[in-house]
Amino acid sequence: IFINNEWHESTSGKKFPTYNPSTLEKICDIEEGDKPDVDNAVEAAKAAFQRGSPWRQMDAPSRGRLLHKLADLLERDRVTLATLETMDTGKPFLQAYFIDLEGCIKTLRYYAGWADKIQGRTIPVDENFVCFTRHEPMGVCGAITPWNFPLLMLVWKMAPALCCGNTLVIKPAEQTPLTSLYIGSLIKEVGFPPGVVNIVPGYGPTAGAAISTHDSIDKIAFTGSTKVGKLIKEAASKSNLKRVTLELGGKNPCIVCADADLDLAVECAHQGVFFNQGQCCTAASRVFVEEQIYPEFVKRSVEFAKKRLVGDPFDARTEQGPQIDQKQFDKILELIESGKKEGAKLECGGLAIEDRGLFIKPTVFSEVTDNMRIAKEEIFGPVQPIMKFKSIEEVIRRANSTEYGLTAAVFTKNLDRALTLASALQSGTVWINCHNALYAQAPFGGFKMSGNGRELGEYALAEYTEVKTVTIKLSQKSP
Ligand code: ADP
């Protein structure tokens, strides 16, 4: 437990294990934080945010410099961090190294650049008044992160929070605390003042709830399930109405029109759903294919899925590792069974890999209809449901008929169709002829029950600042 730039044992004396999902071996025991530890972390974060503290007195370019230095250390320790991430999550090492770590470093540098460019406006009001706004830090920010991209989701919250001058109390997911804890040691090495970043590993209903209900936490950013997102918002409203940013689930449509570049569409749809063992809120988990090309699209998608290499995440050839834990593994297999029972055609996969713990065969279903559970529920596993459509109006209606609205992808060479779909689809992100194209500069977040607010880009700054309006009455009217 990292508080005030020091390591602490849990107040309760309890620890919890973290496992390697590809071998099912215990990696180590972690201090189990709970409410008293969160209280200590919040006290430290509050003190670090006091008026006159070293952090509050630090000028904005120096805050930017600290974020750049943190990015330098992530570059220096990139192999170690990617190794820890692979051990704790089971994701292929090369993906951890080239995608997760790359995203972390770029996001830190992007927000390092923003630190001294956060400015308000001058607003013309009555003649003898001057009115301007200040964009001030909110105070103590809570961050609760998921297990699918542990470090990246932490950096998406930490970088804008620190760049705006806030302090932080972070709770990593209980399945994957290792890289977040490693960040603690880097925070200290960089020279952030004590108390600016505090990290309390532990479980959701205990340590997590202690953050969401805390009266001295001014803002909370959460990435995880829609179910827990609702609890977070409820806890915020029952406590101090802390600001809430939520990045939740998705059941994301991927629309492939008959005029699309088929090679591109098949490969992007494949990567879009199978990337990270299917454990992505952005997963292309409802593929709608125009009827003329449906049989060919299914055939090629099955070829891709059958070729996907599943195995040891530290083997450089591996494309897919294990699912994160038994609970997720069981849930995915149960949804696969529901697909079979409800009449979808199983084209390949559909089973666990025998004697290999938590590995699941890449699975493709065709002849999927909108009322089947695999077309409605977030699977969070290596399962590709493929549906058929006839007209653009029809596919817009079907794509939008979900409580979620995180991402959508469209494959077409027709500009008019692309833009019609981009405006009609109810989702925070629309990718045209690509998938998972995420950038630190571009905002990311959900419509509807996929979330509240935006992470990344300039937009995220608004989630970590309060606007203060200052109005001054001049003693004399100007001539
Ligand atoms: P999943 O179901 O995929 O594990 P969750 O939404 O449960 O996703 O977990 C995401 C994060 O939310 C984790 O850090 C978890 O510990 C935390 N969490 C779970 N339950 C709660 C809760 N009641 N209050 C606050 N945080 C929670």
- Pairs beyond 25 Å (Cα-Cα), from Lys91/Lys299; Lys106/Lys331; Lys35/Lys242: Lys91/Lys299; Lys106/Lys331
- Item | Between helix 178-190 and the chain: long-axis angle, C-alpha atoms, 0 to 90°, nearest 10 | 30
- What residues of region 363-395 lie in the reach of a label at Ala258, counting those whose backbone N is under 15 Å from a point 7 Å from the Cα along Cα→Cβ? 388-395
- Message: Students often forget the sequence filter, so: which aspartates and glutamates lie under 16 Å Cα-Cα from Lys233 once same-chain residues fewer than 8 apart are removed?
- Response: Asp215, Asp218, Glu247, Glu463
- Item | Residue-wise HN-Hα coupling along region 436-444, computed from phi with Karplus coefficients 6.51, -1.76, 1.60 (Hz; x: Gly, Pro) | 6, 7, 10, 9, 4, 7, 10, x, 9
- Loop-only check: which trypsin sites (Lys or Arg not before Pro) in region 105-146 are DSSP coil with at most 15 other Cβ within 10 angstrom? Lys117, Arg121
- Item | Radius 13 Å from Cβ of Trp55, net charge of other residues (Lys, Arg +1; Asp, Glu -1) | +3
- Report, by chain and number, residues whose modeled amide H sits under 5 Å from the one on Tyr19, excluding near sequence neighbours (fewer than 5 apart, same chain). Ile27
- Projected onto their principal axes, the Cα atoms of region 375-479 stretch, largest extent first, over whole-Å spans of 71, 33, 24
- List every residue whose amide H lies under 5 Å from the amide H of Cys254, counting only residues 5 or more places away in sequence or on a different chain, with H placed 1.01 Å from N in the peptide plane. Arg286, Val287, Phe288, Ala409
- Note on the structure: Whole-number value, in Å³ per residue, for the convex hull of the alpha carbons of the chain is 156
- Task: Give the angle, between 0 and 90 degrees and rounded to the nearest 10, that separates the Cα long axis of helix 262-274 from the longest principal axis of the Cα atoms of the chain.
- Result: 60
- Query: Lys188: which lysines have alpha carbons under 19 Å from its alpha carbon, excluding same-chain residues fewer than 8 sequence positions away?
  - Reply: Lys46, Lys69, Lys157, Lys171
- Placing each pseudo-label 7 Å from Cα in the direction of the beta carbon, Glu334 and Glu296 end up separated by a distance in nanometres of 4.0
- Query: From the phi of every residue in region 340-351, what ³J(HN,Hα) in whole Hz does the Karplus formula 6.51 cos²θ - 1.76 cosθ + 1.60 yield, where θ is phi - 60° and glycine or proline is x?
  - Reply: 4, 5, 7, x, 6, 8, 6, 8, 6, x, x, 9
- Query: In cubic angstrom, how much convex hull volume per residue do the alpha carbon atoms of region 267-307 span?
  - Reply: 62
- Query: According to the square roots a ≥ b ≥ c of the eigenvalues of the Cα gyration tensor, what is the shape class of region 361-427, taking rounded for a/c under 1.5, prolate for a/b larger than b/c otherwise, and oblate for the remainder?
  - Reply: prolate
- Message: Checking the cross-link filter: which aspartates and glutamates have an alpha carbon closer than 12 Å to that of Lys340, excluding same-chain neighbours under 8 positions apart?
- Response: Glu367
- Item | FRET E, pair Glu303, Ser237, Förster distance 51 Å, beta-carbon r, rounded to 0.05 | 0.55
- Message: Within region 76-103, list the residues whose amide N lies under 12 Å from a label point set 7 Å along Cα→Cβ of Gln271.
- Response: 99
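Of all alpha-carbon pairs in region 16-152, indicate the percentage at a distance above 18 angstrom.
71
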- Message: About the Cα centre, and with charges only on the beta carbon of Lys, Arg (+1) and Asp, Glu (-1), how big is the dipole of the chain? Nearest 20 debye, please.
- Response: 1000
- Dividing the helical contributions, -39500 (n - 2.57) per DSSP H run of n ≥ 4, by the residues of the chain yields a 222 nm value, nearest 500 deg cm²/dmol, of -11000 deg cm²/dmol
- Note on the structure: In nanometres, the difference between 0.36 nm per residue of separation and the alpha-carbon distance of Asp416 and Lys227 is 64.3 nm
- Query: So how do Lys388, Lys91 rank on accessible area, 1.4 Å probe, biggest first, that is with the largest at the start?
  - Reply: Lys388, Lys91
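The values are calculated or read from the model by the stated rules, or taken from the named source; none is laboratory data. This one's a predicted model, so the numbers in the text were calculated from it and none came from an experiment. As a convention, Cβ positions derive from the backbone with ideal geometry for all residues, glycine included, and neighbour counts pool all protein chains shown. Each accessible area value is taken on the protein alone, full model and side chains, heavy atoms only, with ligands, DNA and RNA left out. Shrake-Rupley method; radii C 1.70, N 1.55, O 1.52, S 1.80 Å.
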